[in-house]
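Note sheet for the following structure.
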Amino acid sequence: MNKSMIALIAAATMLTACNNDKANENEEKSVQTTNENQTETENEQQKQATQTETQTSPKHGKWSSLPEYDKIIEEIGNEDYTFNKETDNDGKRVFLIELNGEKQYKSVFVKNTNRLKIIKINSGGEVYDGIIK
């Protein structure tokens with residue numbers, strides 16, 4: 001009976017040891033896959049950040065994080081505009097956008113509905129009126 005107990009314990013120990021090696025291999029593969037995915041994600045984020053930096057003017061640094069900024073630049077172009085905040089409260093944000101000291105555009109962003117209106121001041125026309133995602 002002692003011999004059979006020793007054989008049983010030895011067999012259980014060997015199976016457990018082999019099983020742990022396979023689990024460690026699976027964990028290592030999982031960690032490698034996760035690291036590769038993280039590296040790919042970080043590379044994509046760096047590319048997007050680089051693209052955003054090339055699209056924004058240095059003067060617009062503090063405004064470029066606003067939700068309406070990209071749409072404004074898309075509609076009016078990326079010239080050397082100066083953004084002057086006229087109003088920024090809980091309901092809306094209004095910018096007067098100047099080029100070479102002359103007021104060119106006015107943008108009105110309604111925060112609770114995400115509606116953006118861009119108006120060209122000199123020619124008196126609405127450039128954009130829509131909801132931003």
> What residue, among those in region 109-126 that are open to solvent by 30 Å² or more (accessible area, probe 1.4 Å) and assigned to a strand (DSSP E or B), is farthest from Ser64 (Cα to Cα)?
Replying inline: Glu126
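How many residues are at pLDDT 90 or above, part of a loop (DSSP other than H, G, I, E, B) and either open to solvent by less than 70 Å² (accessible area, probe 1.4 Å) or over 21 Å from Lys111 (Cβ atoms) (or both) if we restrict to region 67-78?
Summing the residues that are at pLDDT 90 or above, part of a loop (DSSP other than H, G, I, E, B) and either open to solvent by less than 70 Å² (accessible area, probe 1.4 Å) or over 21 Å from Lys111 (Cβ atoms) (or both) in region 67-78 gives 1.
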>> If Glu98 meets every condition in (1) assigned to a helix (DSSP H, G or I); (2) over 22 Å from Ile131 (Cβ atoms); (3) at pLDDT 75 or above apart from one, which number is that one?
In response: (1)
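If you check Ile76 against the conditions, is it touching a residue at least 60 places away in the same chain (Cβ under 8 Å) and touching a strand residue (DSSP E or B) at 6+ places or on another chain (Cβ under 9 Å)?
no
The values are calculated or read from the model by the stated rules, or taken from the named source; none is laboratory data. Just so it is clear, the model here is predicted, and its values are computed rather than measured. Cβ coordinates were reconstructed from backbone atoms using ideal geometry, including for glycine residues, and neighbour counts include every protein chain displayed. Side chains included, ligands, DNA and RNA excluded: accessible areas come from the protein's heavy atoms. Shrake-Rupley method; radii C 1.70, N 1.55, O 1.52, S 1.80 Å.
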